[in-house]
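Presented below is the structure to which this report refers.
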Amino acid sequence: MFVNRYEAGLLLREKIKGKKLINPLVVGVPRGGIVVAAPLAELLEAPLKVIISKKIGLPRNEEVAMGAITPGGEAIVDWVLAKRAGLTDSQVEMAISKARTEWELKKEKYLPWWAEDFEDRDVILVDDGIATGYTIKVIVNYLKEQPLLQLWLAIPVLPEEKLEEFLPLVDQLVYLKAPSDFYAVGQFYQDFSQVEEDEVLRYLS
């Protein structure tokens with residue numbers, strides 16, 4: 001069990017120490033992913049930037065993703081799931097609009113640290129854990145379209161069943177735990193309290 005997100009970042013840092021990366025860029029998913037990413041950026045003497053994808057939830061059950069807003073602002077929708085849930089085109093468009101508005105507000109907040117310059121760089125994408133993996137997969141697919149060199153994914157914990165899904169998607173998957181008895185990311189942290197905005201900005205500044 002990790003003490004907190006920062007300790008998880010320190011442990012991940014040990015796993016990449018000595019690795020040869022070209023012009024590295026560390027990209028964290030706020031808020032928790034920024035705390036985990038900070039020790040890696042420090043080790044690599046690399047910029048720490050922000051990237052965001054916003055889940056588009058089903059209107060009657062927003063925990064279930066029927067799509068996402070990509071870091072590029074594009075809406076990806078699982079129309080089969082939406083129709084199976086009995087949603088009209090208008091309801092889907094409203095859900096997209098809601099998610100995009102939230103994504104735009106978040107992007108504006110982190111605009112000075114928004115990840116954009118990927119060309120000829122090894123990029124390390126960091127979050128504090130993977131549960132379903134839906135939004136992080138959207139980010140991975142977006143980054144794979146950028147002119148970067150290698151894409152690494154650094155995650156303290158993810159379900160064992162997700163290894164098979166994510167290993168082929170990235171050049172390197174760096175992780176600390178992949179348990180079969182996975183229920184939630186927070187179960188692997190002593191302190192998984194919400195990260196406050198001022199803490200995120202402190203690591204980014």
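Relative to the current alpha-carbon distance between LYS19 and GLN150, full extension at 0.36 nm per residue lengthens the span by 45.9 nm. Expressed as a whole number of Å, what is the distance separating the alpha-carbon centroids of region 88-141 and region 173-205? What the calculation gives is 18 Å, centre to centre.
For the chain, the longest principal axis of the Cα atoms and the long axis of helix 89-109 meet at an angle of about 30 degrees. With all projection directions averaged, the alpha carbon convex hull of region 54-109 covers 3.5 nm².
Assuming 1.306 mPa s and 10 °C, estimate D for region 1-111 with Stokes-Einstein, Rh taken as the Kirkwood radius over Cα pairs, in µm²/s. Estimated via Stokes-Einstein, D reaches 99 µm²/s.
The trypsin sites (Lys or Arg not before Pro) of region 34-78 meeting both criteria, a DSSP state outside H, G, I, E and B (loop) and at most 12 other C-beta atoms within 10 angstrom of the site's C-beta, are ARG60. Against the chain, whose longest principal axis is taken from its Cα atoms, helix 134-144 shows a tilt of about 70°. Sorting 151-160, 68-77 by their mean Cβ neighbour count within 10 Å, with the most densely packed peptide first, gives 151-160, 68-77. The alpha carbons of the chain give a radius of gyration and a Dmax of 16.8, 53 Å, in that order. Listed peptides 83-94, 125-136 appear in the order 125-136, 83-94 once ranked by packing, highest mean of other Cβ atoms within 10 Å at the front. Partners of LYS107 within straight-line reach, counting lysines whose Cα lies under 17 Å from its Cα and excluding those fewer than 8 residues away in the same chain: LYS49, LYS54, LYS55, LYS98. Remark on ILE56: its backbone amide H falls under 5 Å from those of MET66, GLY67, ALA68, ILE69, a criterion applied only to residues 5 or more positions apart or on other chains, H modelled at 1.01 Å from N. With the simple spin-label model, which puts each label point 7 Å out from Cα in the Cβ direction, the SER180 to VAL80 separation comes to 2.9 nm.
Every number here is computed from the coordinates shown, using simple stated rules; none is lab data. Quick caveat: nothing in here was measured; it's all calculated off a predicted structure. Cβ atoms come from the backbone with ideal geometry, glycine included; neighbour counts cover every protein chain shown.
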